[in-house]
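Scroll down for the structure; my scribbles are underneath it.
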Amino acid sequence: MEEKAKQTFYVTTPIYYVNDVPHIGHAYTTIIADAMARYQRLKGNKVFFLTGTDEHGQKIEKSAAEKGLSPQELADRVVVRFKDLWQKLNISYDYFIRTTEKFHEQGVQKIFKILLDKGDIYKGSYQGWYCISEENFLSEDIPLEAEGYKICPDCGRKAVLLEEESYFFRLSAYQQALLDFYQSHPRFVRPPGRMNEVISFVRQGLKDLSITRTSVKWGIPVPGDPKHTIYVWFDALHNYVTAIGYDWNPEHFATFWPADVHLIGKDILRFHAIFWPAFLMAAGFELPATVFSHGWWLKDEAKMSKSKGNVLDPYFILNKVGADALRYFLLREIPIGQDGNFSHQGFVHRINSDLANDLGNLVQRTLTMAVNYFDGLLPAVTEEYEIDLELTRQFDETKNKVYDLYNDYALNRALEEIWFFLNAVNKYLADNEPWKLAGQAEKRDRLARVLYQALCSIRGASYLLYPVMPETAEKIWNLLGEERKPSTIMTSQLNFYDFQPVNKISRAKAIFPRIDLAEFTGDTNKSIEQTQPAIKMETKESKMEYITYEEFKKMDLRVAKVIAAERVEGTKKLLKLQIDLGTEQRQIIAGVAETYSPEDLLNKEFIIIANLQPAVIRGIESQGMLLAAEVDGLAIIPFFDRDIPPGTKVK
Ligand code: MSP
């Protein structure tokens, strides 16, 4: 596989519209990006993983108005939902860009101005059929309906005829340059079928693109002509350069640009494979290496839509089976590029067969034997047979294949190879029957060797699995007493026999309990707008002292950062704190003045209950309560051992 000399890796997801809460389609792209980012970090590469939200434009303006909110308020609320989901799915993004951030708006205006001065943007007038929902003028070859209007081919809604003064991007001038570029970079768009689609579209001829609106207020103003706002796609695509430092951190920008891969859904291919490279060429940027277009997730073979009520709520699945099972299913089921079908039957089957049986049982059985027969401490191993070496060789082959497949974005094939190997380990145990060896005193060395081989296999597989199933890998490392390795273990240091038999092994409970289809089907039609369904407690009758998880989940615990602090006059105990909660600022009154001065707390972060009913203390409103331990009458605040983004959920 061809490796880039600079050893950096820049991966992006689309930035998501904030007119709706996240669903499984958003989760899919973001999980792919996360697996790629984690794999690249394990290789020792310097990674930048970008995601975020697309907050301007008519669609957001309209949706906010329907909800009685300002567009900014709507965006602020939905952003919290995205960030919360990404946290629950263990998405390790480096930055979450919001297109309403100042630096982005300024960057877009700057590029607009450069293209205007250069003549690649010019002012004209545009008349066309415009789809409000898709924020797009329809292509002119779409025929008129008998009733005299056009229907948007993407969403099926009626388009409206618009004529407005508009700035245009000279897309037509880039037709040949684009075709030349595709020819010299045949893997620019992947999978290959999508590249062909793009080429034939461009060959049919490109028209200049209207890139401003006078009808939309909620957008970035055109520099020097503020009655126009910049078209949301021109604005949004440039997030990929503004987020990494264009116009504000040239060194960081030069480190990561051009992007290695833009991951997108097939519906937004044209924007990324035609408009985006043309904008970049015009502004003199290098072009990204790859635009990888993934398929569409269907629910029981049907397109998901709110009106059908069949949109899959990722929280529902997450709460039932955890992040790793969902990550595994989505990445294992289909190659990136094909459409996938989500059925509860298929999901339950895959989790039970691959995760509960093949992986979970293997780990549990092997660790239990190591604990039962050797008290968790294997003796140094000696004897080694061909059958043992065969397993070692299989691991090495698997490892190399998996690296190649990860390098090539073939995540489902990589997982398949890991599972072939896990099955080989299961077979190795069946062939060597350690449970029989355990009854024979003279076979003690052999027993140790067989378990050692299995443990080395489990450890090795856990590193290969880490990009897709990070929580599971960590769980396995903890059980094996494995010290967390430096980030380069994967490609340079992952050796089968590096597992130390002297590590104390812990007894494993089922790491993936089997799931029952009945638990899923009852709730399939839960609306995505509903709050997350609580997990059923598996315990017997709750006693008085217990609260249910559902009750606990009602508490909105958040990380708060102190941005201003002062004493409440006339009191010994009270401080008035202004805190940053990521998406908003609040004031709280805290009884901590006997332990901390206002200066002590400035810029400190701690946990608050954000949804506690506001209270008035000494005539001042307190909008939340911080958590502290009380020791001899003094309040001691638990602080964090690292900086955390304000607003992060604590659970
Ligand atoms: N805001 C634009 C992207 C701008 S990028 C500069 C946008 N946002 S979106 O929220 O509508 O969609 C984001 C992504 O979600 C798209 O890549 C789309 O393909 C993906 N998905 C939405 N529904 C999906 C499925 N059912 N299945 C898989 N992915 C789908 O477009």
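The values are calculated or read from the model by the stated rules, or taken from the named source; none is laboratory data. Every value quoted in this text rests on a predicted model; they were computed, and no experiment measured them. Positions of Cβ are generated from backbone atoms using ideal geometry, with glycine treated the same way; all protein chains shown enter the neighbour counts. The protein model used for the area step is the full one, side chains on, heavy atoms only, and it has no ligands, DNA or RNA in it. Shrake-Rupley method; radii C 1.70, N 1.55, O 1.52, S 1.80 Å.
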Under 5 Å between amide H atoms, partner at least 5 residues away or on a different chain: which partners does Ile617 have, H built in plane at 1.01 Å? Ser622
Distance in nm between label sites at Ser184 and Thr368, each 7 Å beyond Cα in the beta-carbon direction? 6.2
For the stretch 158-165, in residue order, the Karplus 3J(HN,Hα) values (coefficients 6.51, -1.76, 1.60; θ = phi - 60°; whole Hz; Gly and Pro = x) are 5, 8, 10, 7, 10, 10, 8, 5
Per q in 0.11, 0.17, 0.20, 0.22 1/Å, what log10 I(q)/I(0) does a Debye calculation on the alpha-carbon atoms of the stretch 571-648 return? -0.27, -0.66, -0.93, -1.13
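Could you compute how fast the stretch 292-412 diffuses translationally, taking Rh as the Kirkwood radius over C-alpha pairs and applying Stokes-Einstein at 4 °C with viscosity 1.567 mPa s? Give it in µm² per second. Please list the in-between numbers first.
On the way: Rh = 17.8 Å.
The estimated diffusion coefficient comes to 73 µm²/s.
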Using a basic spin-label model with each label point 7 Å from the Cα along Cα→Cβ, how many nm lie between Ile636 and Ser343? 5.8
Starting from the stretch 557-651, pick out the chymotrypsin sites (Phe, Trp or Tyr not before Pro) whose DSSP state is loop and whose Cβ has at most 11 other Cβ atoms within 10 Å. Phe639
Lys/Arg +1, Asp/Glu -1 at C-beta; the chain dipole; positive extreme among His228, Thr8, Leu627: Leu627
Evaluated at q = 0.06 Å⁻¹: base-10 log I(q)/I(0), Debye formula over Cα of the chain: -0.41
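Suppose every K and R has +1 on its Cβ and every D and E has -1 on its Cβ; what is the size of the dipole of the chain about the Cα centre, in Debye to the nearest 20? Mind showing how you got there, number by number?
Numbers: 78 positive and 88 negative charges, 96 e Å.
The dipole of the chain has a size of about 460 debye.
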What is the distance in Å between the Cα centroid of the stretch 624-642 and that of the stretch 199-242? 50
If R0 is 41 Å, what FRET efficiency do you get for Lys553 and Lys158 from their C-beta distance, rounded to 0.05? 0.45
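Taking every pair of Cα atoms in the stretch 343-498, average 1/r, invert it to obtain the Kirkwood radius, and report Rg/Rh to two decimals.
0.97
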Determine the relative contact order of the chain: mean sequence separation of Cα pairs under 8 Å and six or more apart, normalised by residue count, in whole percent. 12
Whole-Hz Karplus couplings 3J(HN,Hα) for the stretch 610-620, θ = phi - 60° and coefficients 6.51, -1.76, 1.60, Gly and Pro as x, run 8, 10, 6, 3, x, 10, 9, 10, 6, x, 10
How high is the relative contact order of the stretch 429-479, in percent, with contacts defined as C-alpha pairs under 8 Å that are six or more residues apart? 24
Could you tell me the calculated FRET efficiency between Asn495 and Gln440, based on Cβ-Cβ distance and R0 = 35 angstrom, to the nearest 0.05? 0.70
So how far, in whole Å, is the C-alpha centre of the stretch 366-416 from the one of the stretch 162-193? 47
Run the 1.4 Å probe and let me know the accessible area of Thr648, rounded to the nearest 10 Å². 30
Is it possible to state the helix-based mean residue ellipticity at 222 nm for the chain, with each DSSP H run of 4+ residues giving -39500 (n - 2.57), the sum divided by total residues, to the nearest 500 deg cm²/dmol? What is it? -11500 deg cm²/dmol
Under the rule of at least 5 residues apart or a separate chain, name every residue whose amide H is placed under 5 Å from the amide H of Ile97. Thr51, Gly52, Thr53
Could you pull out the GluC sites (Glu not before Pro) across the stretch 441-511 that fall in loop regions by DSSP (anything but H, G, I, E, B) with no more than 14 other Cβ atoms inside 10 Å? Glu483
In order through the stretch 255-263: 3J(HN,Hα) via Karplus (6.51 cos²θ - 1.76 cosθ + 1.60), integer Hz, x for Gly, Pro: 5, 10, 8, x, 4, 7, 8, 9, 8
